[in-house]
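One structure is given here, and the rest of the page talks about it.
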Amino acid sequence: MNILAFILGASIILFVWSLVSWKSKTQIRLSWLSWLGIIIAALLALFTIAWSITSIIEGEIQAAGMGLLIFGIFTFIAIALTRKRIIRDNRLKLSKSNGSKD
Amino acid sequence: MNENNRSRKPSGEIHPDNKEKKMNRRQFIKVGSVATASGALLGQAGFSGNKETFLNKIANSPVSHDHKEFPIKITEKCQRMEQKYTIFARHLWDHEFVSRIESSIESSSREALEKVKGWTPLDEALNGAAWALDHKFASGSENGQPHSLAYEWDEPTRRKKVKFHDLEDASKKIKKAARYLGASLVGITRYDPLWTYSKLIKENLEEEPGPDGRPNFEIFTPEFPFEPKSVVVMAVEMDYKTMALSPSSLGGTSTGLGYSHMCAVGYSVATFIRGLGYKAFANGNDVSLSVPYAVAAGLGELGRHGMLITKEFGPRVRLVKVFTELDLKPDGPKTFGAWDFCKNCKRCAEACPSQAIPSDEPTLEGKTISNNPGVLKWYIDPEKCIQFWRENGTDCANCITACTFNKPSLWNHQLLTAMAALPGAPLHILMAKMDKFFGYGNVDDRQANAAFWNGD
């Protein structure tokens with residue numbers, strides 16, 4: 001179980017680092033709804049990883065697979081919806097910056 | 001003009017096209033702190049299943065409800081039961097029942113079983129080893145035989161009594177000792193004669209069977225050497241992995257080891273209390289009913305399968321009690337939604353190979369003379385159950401294995417136990433179905449039986 005805590009801790013650090021890195025490289029603005037979506041998606045992803053690893057450690061491989069499938073689906077839905085939100089929020093800004101390039 | 005000047009607006013702001021924005025020291029420290037704190041919090045939370053961890057506290061906190069009264073309906077029809085009517089005692093006197101059971105068993109079944117994984121001589125040897133301590137120190141007690149070594153009533157007691165500050169102090173010390181001596185769960189309740197058998201039955205093991213081949217036995221009214229005031233009820237966890245091999249002989253090792261541990265724990269705790277100067281004796285399946293005492297002591301709830309369902313381990317526990325003259329502060333009954341969940345789940349009824357567990361609503365009437373009517377519960381048919389044990393060549397624990405609450409005490413299962421406390425038949429049905437889809441509660445898994453000796 002210690003390995004699970006290590007993996008989750010490392011995943012969080014990687015996720016936060018990637019998020020800040022990505023945000024600093026782009027000029028994308030995130031509304032509160034986008035932030036909420038990112039946090040929910042991240043928590044779902046962590047839950048999926050935690051469930052699957054715990055089930056593997058328990059020896060319940062079917063539970064691990066089903067967990068990946070079911071909780072993973074919810075995670076992807078959250079990611080897709082959040083991505084859509086972010087694109088919508090920044091559509092005007094992106095079209096402006098594309099126009100100025102021309 | 002150099003390239004850097006072309007990338008800057010006249011106002012000095014950085015042009016949006018300049019995407020090479022690097023992280024400065026302040027941002028690095030902020031990001032690193034947030035990430036490290038998050039990781040440390042999660043690590044502190046711990047997914048180890050330790051009851052003291054943060055996540056387990058969250059999972060457990062809203063779940064239990066305390067009760068002042070016994071949470072199961074008992075009518076006046078419920079009387080003290082005579083031990084001879086318990087299914088394990090009927091072989092001593094109920095010859096019609098024994099003939100009925102024996103006639104249904106094929107004579108060649110034993111030899112055929114030995115070739116099946118889970119019933120091989122290797123598996124039987126492990127089963128025998130698991131039961132060894134119980135058979136040595138509490139022989140026959142699993143079938144209700146009273147006065148067996150570890151469960152003797154009148155053992156030497158220290159003359160001088162140890163004084164406690166108050167009842168709560170005494171209860172706290174007894175529980176601490178019980179956990180140290182091996183109890184997985186411990187609770188205290190008042191002695192209630194309703195749950196003690198009105199008459200006991202004891203097989204005379206020292207005498208040869210009679211000319212008709214039938215065992216000798218005596219029936220007597222229990223007279224304890226002291227007036228019990230308190231009952232220390234303890235649950236001993238059984239092994240999860242071998243329990244999952246039910247109904248094989250290999251699966252039966254979990255039960256056997258449970259009985260052996262329970263006799264050690266019961267005798268040790270009774271000895272501890274006698275060492276404090278108070279009379280005490282342990283009992284398992286003999287002398288009194290275990291499940292009502294466990295419910296009264298707050299260890300769990302009564303399930304559809306007739307067994308105690310604990311929040312921590314489900315029904316995967318063995319119960320042992322210590323009757324004592326020491327006055328202790330009783331714990332009250334606790335519920336956590338198991339009874340309501342059982343109404344909708346029915347996994348045990350589906351897994352029972354002899355259909356001994358009912359699928360309908362709880363009633364006040366029993367099915368056979370081995371049931372004690374007058375309590376609102378699901379009455380199993382013990383005759384069907386024991387018949388399958390005979391056909392199976394060993395005891396069966398499919399109901400325990402299949403139970404949705406039967407899980408290792410890990411964070412994910414504790415979270416789901418907390419969710420099971422939420423009301424709503426659709427939620428319970430969904431959870432029971434998902435439990436099956438996730439592969440939990442499989443019974444008669446021959447592959448798992450075959451793989452047992454290959455693992456660590």
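Read-outs throughout are calculated quantities, based only on the coordinates presented, and are distinct from any laboratory measurement. Quick caveat, the model's predicted, so the values are computed rather than measured. Cβ sites come from the backbone with ideal geometry, for glycine too, and all protein chains shown count toward neighbours.
Each Lys and Arg contributes +1 and each Asp and Glu -1, all at the Cβ; summed about the Cα centre of the protein assembly as shown, the dipole is approximately 4500 debye.
Here's the picture: charge each Lys and Arg Cβ at +1 and each Asp and Glu Cβ at -1 in chain B, and of B:174, B:348, B:138 the one pushed furthest to the positive end of that dipole is B:174. In loop segments of region A:20-99 as defined by DSSP, the trypsin sites (Lys or Arg not before Pro) with at most 11 further C-beta atoms inside 10 Å of their C-beta are A:29. Working from label points 7 Å from Cα in the Cα-to-Cβ sense, the residue B:162 to residue A:76 distance is 6.1 nm. Largest GNM mean-square fluctuation across A:74, A:15, A:47, computed for chain A with C-alpha springs under 10 Å, falls on A:15. Between residue B:117 and any residue 5 or more places off or on another chain, the built amide H atoms are never under 5 Å apart. Axis angle, to the nearest 10 degrees, between helix B:121-137 and the longest C-alpha principal axis of chain B: 70 degrees. The magnitude of the dipole of region B:76-215, with charges of +1 and -1 set on the Cβ of Lys/Arg and Asp/Glu and taken from the Cα centre, is near 1180 debye. The GluC sites (Glu not before Pro) of region B:293-373 that DSSP puts in a loop, and whose beta carbon has at most 16 other beta carbons within 10 Å, are B:365.
Distant-in-sequence amide contacts of residue B:314, defined by a placed amide H-H separation under 5 Å and a gap of 5 or more residues or a different chain, comprise B:407. Isolated cysteines of chain B, defined as having no other cysteine beta carbon under 4.7 Å away, are B:78, B:263, B:342, B:345, B:352, B:385, B:396, B:403.
Taken along the Cα-to-beta-carbon direction at a fixed 7 Å, the label points for residue B:221 and residue B:180 span 4.1 nm.
What number, rounded to the nearest 500 deg cm²/dmol, is the helix-based mean residue ellipticity at 222 nm of chain B, given -39500 (n - 2.57) per DSSP H run of at least four residues and division by all its residues? Rounded to the nearest 500, it is -11000 deg cm²/dmol. Put a dot 7 Å past the Cα of residue A:19, heading toward its Cβ, do the same for residue B:149, and the two dots end up 6.2 nm apart. Computed 3J(HN,Hα) for region B:159-171, one whole-Hz value per residue from the Karplus formula 6.51 cos²θ - 1.76 cosθ + 1.60 where θ = phi - 60°, is 6, 8, 7, 7, 8, 10, 4, 7, 4, 5, 5, 4, 4, glycine and proline marked x. Going by Cα centres, region B:256-308 and region A:1-43 are how many Å apart? Between the Cα centres of region B:256-308 and region A:1-43 lies a distance of 50 Å. When A:1, B:262, B:307 are sorted by how many other C-beta atoms sit within 10 angstrom of their C-beta, beginning with the fewest, the order is A:1, B:307, B:262.
Maximal additional length on extending the residue B:103-residue B:74 stretch stands at 6.7 nm, based on 0.36 nm per residue less the C-alpha distance.
About the Cα centre of chain B, what is the dipole size in debye to 20, counting +1 per Lys and Arg Cβ and -1 per Asp and Glu Cβ, all else neutral? The dipole of chain B has a size of about 2860 debye.
Our summary gives chain B a relative contact order of 21 percent, counting only alpha carbon pairs under 8 angstrom and 6 or more residues apart.
Within the listed set A:59, A:67, A:37, the Gaussian network model of chain A (springs between alpha-carbon atoms below 10 Å) gives the highest mean-square fluctuation for A:59.
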